[in-house]
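The values are calculated or read from the model by the stated rules, or taken from the named source; none is laboratory data. Bear in mind that the values here come from a model prediction, so they are computed numbers and not experimental data. Ideal geometry is used to build each Cβ from the backbone, glycine not excepted, and the neighbour counts take in all protein chains shown.
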Amino acid sequence: MAVVSHYVGGKSFAGSSKRTAPVYDPALGTVSKEVALASAADLDQAVAVANAAFPAWRDLSVAKRQSVMFRFRELLEAKKSELAAIITEEHGKVLSDAMGEIQRGQEVVEFACGLGHLMKGEYSENASTDVDVYSLKQPLGVVGIISPFNFPAMVPMWFFPVALAAGNCVILKPSEKDPSAANWVAELLTEAGLPDGVFNVVHGDKEAVDALLVHPDVQSISFVGSTPIARYVYETGAKAGKRVQALGGAKNHMLVLPDADLDLVADSAVNAGFGSAGERCMAISVVVAVEPIADPLIDAIASKMAGIKVGDGRRACDMGPLVTEVHRDKVASYIEIAEKDGATVVVDGRDVKPDGEPGGFWLGPTLIDRVPTSSKVYQDEIFGPVLSVVRVQSYEEGLELINSGAFGNGTAIFTNDGGAARRFQNEVQVGMIGINVPIPVPVAYFSFGGWKHSLFGDSRAHGEEGFRFFTRTKVVTSRWLDPSHGGLNLGFPQN
Ligand code: NAD
């Protein structure tokens, strides 16, 4: 069986570890390949290669680094359907959605092409008499990126274009569930002219992550994944003296006021709840319906759900399988919990008839009404095609519910009342907010990141904040004396 190996120094790298993990084709339900799992020694070798490549990449002119990024963008634009096919084969999401994730990642590449502007420092002439003060932004060195299974292309692209543009060398540790996208990207970067060793992929599990978190030559960690691992990564990396941004899980609510446009809300709830089989950190998982809108809204959502075609993402379907059998079973178990906890299962995804092989990891779109907030169905991040409805009596009750949650990634309000929407954006304790937009993922020149247990650390992904994360600032105070000046002065210059 084919083994996806690491990519180090511009070529495939087998490493010394003999451990591997299976990679599934979720629509077939079969193992399609294996992925190498790095040992700490393998990781060490990759970091050494990246460290050796750093001085030359750091010192390359802005214009030359920029031209590599431009070439990478052009190649990505031309070849992205190849990448989409890889994503669909290993993740299961439908091809159009895979193309969508690449598009959102490509936006960050395009943003990073503006590095000339984004790497500029500041200059103050004559801060004191004949003294000038200026700042420089310099890259960190070798930086680590650890990504989740649900966006095998986009999430790495939230970070590496900015890290590379700023002059860093990268070790990417992708999810072991869908590892091949990272190798495809690495090869494309090489084709774009990126010097060998500047971008490296090390596959693995906890062993590789742990080695990366404490490696003395790794300067920063950008992590995206579930909240418990994000917290662990943040604490371990920070303790080892690293700069860490660790984006965690989510439970996103959509607050629907009674004056909202029912048809728009129903479309939005279905698209945001079931796109990518609900395996999105910005998926809507709870509709908070302010009465008396719940009954007509549930009818509208259920009737639109009837049109969703579930099946193999390579066919003309709307929603693919879940990523693994274990994950599918875990998500399906929440439907049982809902029944036990007294909720009403309006549409049951366990009855799905997919357009795909029977062994695929299928679960159809599921709608559950009257979910008690004490239920695990309400409290846990389910990360699958299960949409809960909670009924409330007022805006205030809905807001209180959202603000009492542990996560603060994304949220949305649906209303035709501008004043209510404005109040919501001010009062809600969440990092990314949609107003009549269900999945408010910020564009690349803004930054992506949630509040509370959805982000550990103080830096979000991409945007100017991304460039700040991947650079260190130096401030230079300089005086060039003209020949008439001189003499002793032991005090600070004061004017
Ligand atoms: P995960 O936490 O299981 O894995 C993420 C990464 O951590 C992977 O590379 C994995 O190999 C590694 N990892 C797993 N267990 C580990 C351990 N014990 N020690 C060290 N490393 C470990 O997450 P996932 O299932 O791949 O992805 C889904 C999760 O990611 C969801 O919780 C989702 O909300 C979250 N996510 C968040 C965002 C965001 O922007 N906040 C974006 C995408 C996904």
*Among the residues of region 232-250, is any acidic (Asp, Glu), under 19 Å from Glu34 (Cα atoms) and part of a helix (DSSP H, G or I)?*
no
_Odd one out for Val198 among (1) buried (at least 24 other Cβ atoms within 10 Å of the Cβ); (2) more than 20 Å from the chain's Cα centre (by Cα); (3) within 16 Å of the ligand (Cβ to nearest atom)_ = (3)
_Residues that are in contact with a Gly (Cβ under 7 Å, 6 or more places away or on another chain) and either surrounded by fewer than 24 Cβ atoms within 10 Å (Cβ to Cβ) or assigned to a helix (DSSP H, G or I) (or both), drawn from region 384-407_ = Val392
*asked:* Please verify whether Pro22 is free of Cβ contacts under 8 Å to residues at least 60 places away in the same chain and more than 30 Å from Gly116 (Cβ to Cβ), treating the condition exactly as stated.
replied: yes
*Of all residues in region 417-465, which are under 20 Å from Ile284 (Cα atoms), away from the ligand (no atom under 13 Å from the Cβ) and assigned to a loop (DSSP other than H, G, I, E, B)?*
Val428, Gln429, Asn436, Val437, Pro438, Val443
*Selection within region 360-378 - touching a residue at least 40 places away in the same chain (Cβ under 8 Å) and either of a type outside the set (Val, Ile, Thr) or part of a loop (DSSP other than H, G, I, E, B) (or both)*: Gly360, Phe361, Trp362, Leu363, Gly364, Pro365, Leu367, Asp369, Val371, Lys376, Tyr378
*Could you please find all residues in region 312-337 being surrounded by fewer than 19 Cβ atoms within 10 Å (Cβ to Cβ), within 16 Å of the ligand (Cβ to nearest atom) and not in a helix (DSSP H, G or I)?*
Thr324
*asked:* Go through (1) in the same structural domain as Val214 (by TED's automatic domain parsing); (2) closer than 22 Å to Glu381 by Cα; (3) away from the ligand (no atom under 12 Å from the Cβ); (4) of a type outside the set (Gly, Ala, Ser) for Ile298 and report which single condition fails.
replied: (1)
*Just one of Ile284, Ile308 is under 27 Å from Leu83 (Cβ atoms), in contact with a helix residue (DSSP H, G or I) (Cβ under 7 Å, 6 or more places away or on another chain), within 16 Å of the ligand (Cβ to nearest atom) and not assigned by TED's automatic domain parsing to the domain that holds Pro26; which is it?*
Ile284
*What number of residues in region 202-231 are assigned to a strand (DSSP E or B) and among the polar types (S, T, N, Q)?*
3
_Qualifying residues in region 223-246 (those that are among the polar types (S, T, N, Q) and within 8 Å of the ligand (Cβ to nearest atom)) - the one surrounded by the fewest Cβ atoms within 10 Å (Cβ to Cβ)_ = Ser226
*Among the residues of region 260-270, is any part of a loop (DSSP other than H, G, I, E, B) and either in the same structural domain as Ala406 (by TED's automatic domain parsing) or of a type in the set (A, V, I, L, M) (or both)?*
yes
*Of the numbered conditions (1) surrounded by 24 or more Cβ atoms within 10 Å (Cβ to Cβ); (2) part of a helix (DSSP H, G or I); (3) more than 12 Å from the ligand (Cβ to nearest atom), Leu188 fails exactly one; give the number of that condition.*
(1)
*Which is surrounded by fewer than 16 Cβ atoms within 10 Å (Cβ to Cβ) and not in a helix (DSSP H, G or I), of Val35, Val31?*
Val31
*Specify the residue that is farthest from the chain's Cα centre (by Cα); the eligible residues are those in region 389-407 that are within 16 Å of the ligand (Cβ to nearest atom) and not aromatic (Phe, Trp, Tyr).*
Gly405
*asked:* Let me spell it out: the conditions are (1) touching a residue at least 60 places away in the same chain (Cβ under 8 Å); (2) surrounded by 18 or more Cβ atoms within 10 Å (Cβ to Cβ), and Ala266 meets all of them except one. Which number is the exception?
replied: (1)
*Among (1) more than 28 Å from Leu75 (Cβ to Cβ); (2) within 14 Å of the ligand (Cβ to nearest atom); (3) small (Gly, Ala, Ser), which single condition is Ala182 missing?*
(1)
*Residues of region 210-222 satisfying the condition of being closer than 26 Å to Val23 by Cα and surrounded by 23 or more Cβ atoms within 10 Å (Cβ to Cβ)*: Ala211, Leu212, Leu213, Ile221, Ser222
*If Leu490 passes every condition in (1) more than 16 Å from the ligand (Cβ to nearest atom); (2) closer than 30 Å to Arg231 by Cβ; (3) part of a loop (DSSP other than H, G, I, E, B) but one, which one does it miss?*
(2)
*Matching residues, region 201-222, being among the β-branched types (Val, Ile, Thr) and away from the ligand (no atom under 14 Å from the Cβ)*: Val218
